[in-house]
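Read the structure below first, then the notes.
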Amino acid sequence: MIERLYKPRLSGLARAQLTGLGLLLPSLIFTPSELFAATLTLEGPLVQGGLVQGRADTGAKVTLDGKTVRVSEDGVFLIGFSRNFPPEATLSVTFADGSKETRTLKIKQRKYKTQRIDGLPPKMVTPSEKDLERIHAESAQIKQTRKRDDARTDFLTGFIWPTVGRISGIYGSQRILNGKPRRPHYGVDVAVPTGTPVLAPADGIVSLAHPDMYFTGGTLVVDHGHGLMTSYFHLSRVLVKEGQAVRQGELIAEVGATGRVTGAHLHWSLNLFERPLDPQLLMNSHLARNSPASSQITASGTVQGTANTGGDESK
């Protein structure tokens, strides 16, 4: 579902003149730029896990629930809503002419499934103290990567699926591993054989490339600008390096069965800084590029189409 909000506003000049007169005289003429100098549009699903792209006039300043949001020179900005985001959010925009607009956004609440996974090695569910030290260090490395805040707007290229196949895990599901409750699943799993190509879903810069992390195995993170990042876990091969610029559709890795898994698959996740979002919602939104790899998911849970090149874990 896409929410599109648009509201033209009187400029500060027009509003001041109208307020001073108390009425609009026939002889008082405004140009279109004077009358409607500030606009605000939002596109995307207002739902838990959703990513929304906004656009305001050049020079606007935006906050969401009091936190500053990066706005590009062209007025583009991103906001997102995590798995357990509350029912309302406050979006405030201050335009270059000094006028302000505040909107209360109604965020649709979701119900999440429970997924039980058995057969994992015990050390992957209850790690040793030594392994926990490694896990904490690797988690801190990923967390630090997700703090990156670049002005680039690579996400405007749109997104394609990084690979195609059966969906074996969905965003938000509560994980029960070997009978023990663990944190929810923050991504989508695509079950495909080891060696299956993984493509860059959009332009970006590689911000993390690691051959073998404890839980996530071969790990790759691509930064698409404005804090929007995609991650790829359990890879058998990482084919790019940190700092490397990648283009949409470029081969960046191969699927594997590394880390905490019960079989080969790609775990693909989406983050706006440290806030995990739902990749499937992304691929059903205006940010999904109309290509074979961005086709809809069928009722049987399979991504239709082919990646245009010539599971199971808790994250």
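Taking amide H positions as modeled 1.01 Å from N, with prolines and chain starts lacking one, the residues under 5 Å from G217 and 5 or more places away or on another chain are H234, G259, R260. Tell me which residues come under 5 Å, amide H to amide H, from V47 once H is placed; ignore anything under 5 positions away on its chain. Distant-sequence amide H within range of V47: K108. Report the net charge of residues surrounding I205, where surrounding means a beta-carbon distance below 10 angstrom and charges are Lys +1, Arg +1, Asp -1, Glu -1. Value of the local net charge: -3. For the stretch 188-236, the equivalent ellipsoid built from the Cα gyration tensor has semi-axes of 19, 13, 9 Å, listed from largest to smallest. Remark: the stretch 212-219, residue by residue, has Karplus-estimated 3J(HN,Hα) of 6, 8, 4, 7, 9, x, x, 10 Hz, where x stands for each Gly or Pro and the curve is 6.51 cos²θ - 1.76 cosθ + 1.60 at θ = phi - 60°. If a spin label sat at a point 7 angstrom from the Cα of E101 along the line to its beta carbon, the backbone N atoms of the stretch 43-81 nearer than 11 Å would be those of 55-57. Backbone amide hydrogens, once placed in the peptide plane, bring T194 within less than 5 Å of nothing, excluding anything fewer than 5 places away on its chain. Cβ crowding within 10 Å ranks H210, H226 as H210, H226, fewest other Cβ atoms first. Annotation note: trypsin sites (Lys or Arg not before Pro) in the stretch 164-272 located in DSSP loop regions with a Cβ neighbour count of at most 14 within 10 Å are K241, R247. Ranked by how many other Cβ atoms sit within 10 Å of their own Cβ, fewest first, the residues L235, L287 fall in the order L287, L235.
Just so you know, all these numbers are worked out from the coordinates, no wet-lab data involved. In this text the structure is predicted, and so the values were computed from the model without any measurement. Here Cβ is always computed from backbone atoms with ideal geometry, including for glycine, and neighbour counts include all displayed protein chains.
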